[in-house]
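J.: The structure's right below; bear with me while I get my questions together.
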Amino acid sequence: MRLEHGFDVEAPLEETWELLMDVPRVVPCMPGASLEETLGPDHWKAAMRVAMGPVNMVFDTDLKRTEVDQEARRATLKADARERSNRGAARATVISAVSGEGGATRVDLTIEMMPSGTLARFGRGMIEEVLASLLVELAGSLEAELGRGADVPAHESTPAPKPVNGFRLVMRAFGRWFRGRFA
């Protein structure tokens with residue numbers, strides 16, 4: 001499945017690009033995510049915590065930056081995630097591009113994702129809605145991180161990750177789907 005999402009941040013282009021290239025600063029901006037280990041300049045391990053009612057899932061994720069085009073301000077990140085108790089997995093390619101002038105920057109994300117196991121059972125529409133909700137929260141967190149600046153040490157700037165409340169996201173996604181169908 002493919003999802004395209006864009007958002008604007010009130011920060012200069014260069015500052016936004018530098019943040020997106022600093023994966024250890026970006027990972028904690030994703031709701032429920034935490035950086036577990038840096039394996040190299042373009043390779044990381046992360047964890048994503050998701051709570052759906054009484055069910056808690058943790059996805060161990062291998063992240064690799066596979067391409068960077070400095071001139072076009074475009075980067076590609078590959079993610080391979082597996083739920084710790086083998087209830088599901090997903091592979092994704094995330095292409096990020098930034099553009100803009102002055103004080104505002106446009107961030108465009110293209111996500112190609114292939115879920116399996118429990119994740120695949122939710123269906124394409126529901127997964128797309130949940131991803132869209134996560135990306136809205138990510139945009140707000142990135143803007144807050146840009147406001148904080150790179151001089152603040154990561155352990156001081158980023159609180160411990162809270163699990164993504166999957167039930168809340170699913171209900172919000174269902175509400176948008178329902179309004180779209182019957183509006």
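J.: Name the single residue, out of those in the stretch 136-169 being assigned to a helix (DSSP H, G or I) and over 17 Å from residue 25 (Cβ atoms), that is modelled with the highest pLDDT.
T.: 136
J.: Pull up the stretch 105-135, narrow it to residues that are touching a Phe, Trp or Tyr at 6+ places or on another chain (Cβ under 8 Å) and modelled with pLDDT under 80, then point me to the one that is surrounded by the most Cβ atoms within 10 Å (Cβ to Cβ).
T.: Here the residue is 129.
J.: Another one. Do you know which residues across the stretch 50-105 are polar (S, T, N, Q) and more than 27 Å from residue 121 (Cβ to Cβ)?
T.: If the condition is that a residue be polar (S, T, N, Q) and more than 27 Å from residue 121 (Cβ to Cβ), then 66, 70, 76, 96, 99, 105 are the ones that fit.
J.: While we're on this one: Across the stretch 40-60, which residue is surrounded by the most Cβ atoms within 10 Å (Cβ to Cβ) among those that are at pLDDT 95 or above and either under 21 Å from residue 116 (Cα atoms) or in contact with an Asp or Glu (Cβ under 6 Å, 6 or more places away or on another chain) (or both)?
T.: Step by step, filter the stretch 40-60, then rank; the result is 46.
J.: Continuing with the same structure: So how many residues does the stretch 88-104 have that are of a type in the set (S, T, N, Q), under 13 Å from the mean Cα position of the chain (by Cα) and surrounded by fewer than 17 Cβ atoms within 10 Å (Cβ to Cβ)?
T.: Matching residues across the stretch 88-104 total 1.
J.: On to the next question. Restricted to the stretch 61-87, and to residues that are loosely packed, with under 12 Cβ neighbours inside 10 Å and in a loop (DSSP other than H, G, I, E, B), which residue is farthest from the chain's Cα centre (by Cα)?
T.: 71
J.: Within the stretch 77-116, which residues are in contact with a Lys or Arg (Cβ under 8 Å, 6 or more places away or on another chain), touching a residue at least 60 places away in the same chain (Cβ under 8 Å) and among the β-branched types (Val, Ile, Thr)?
T.: Listed by number, the residues that qualify are 98, 110, 111.
J.: Only residues that are crowded, with 18+ Cβ neighbours inside 10 Å, under 13 Å from the mean Cα position of the chain (by Cα) and outside any loop (DSSP other than H, G, I, E, B): list them for the stretch 1-33, please.
T.: 3, 20, 23, 25, 26, 27, 28, 29, 33
The values are calculated or read from the model by the stated rules, or taken from the named source; none is laboratory data. Given the structure is predicted, the values throughout are model-derived calculations rather than measurements. Virtual Cβ from ideal backbone geometry, glycine too; neighbours counted across all protein chains shown.
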